[in-house]
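The values are calculated or read from the model by the stated rules, or taken from the named source; none is laboratory data. Since the model is a prediction, treat every value here as computed from it, not as a measurement. Counting neighbours? That spans all protein chains shown, and the Cβs are built from the backbone with ideal geometry, glycine included.
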């Protein structure tokens, strides 16, 4: 049996996700996952809530020390997240 227009599965899945309108949700999920990788488990232990709204990443913390540390490294974290994602998405991190 011959294939008539073979496509890579990655391309087919991306098209399907786009058609369903789930692309934004997957982008946000991936950005949160990258944030987790960038900051590490020690910081994540103090994160109570995180979400993306527009081009802002909102992080809720239960430690003033960790909040201060993230605040001082905010631009570096934004740069690393955008580089790992391969696109400039996050413009600002809001720490609460």
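Say we look at the stretch 45-62 and pick out the residues that are in contact with a helix residue (DSSP H, G or I) (Cβ under 7 Å, 6 or more places away or on another chain) and more than 15 Å from residue 81 (Cα to Cα); which of these is surrounded by the fewest Cβ atoms within 10 Å (Cβ to Cβ)?
46
Have a look at 9, 34 and point out the one that is at negative phi and touching a helix residue (DSSP H, G or I) at 6+ places or on another chain (Cβ under 8 Å).
34
Could you check the stretch 44-60 and list, in sequence order, the residues that are more than 23 Å from residue 27 (Cα to Cα) and either modelled with pLDDT under 95 or touching a strand residue (DSSP E or B) at 6+ places or on another chain (Cβ under 8 Å) (or both)?
Listed by number, the list holds a single entry, 46.
Give me the residue from the stretch 1-23 that is surrounded by 10 or more Cβ atoms within 10 Å (Cβ to Cβ) and in a helix (DSSP H, G or I) and, out of that set, farthest from the chain's Cα centre (by Cα).
Per the criteria, the residue is 12.
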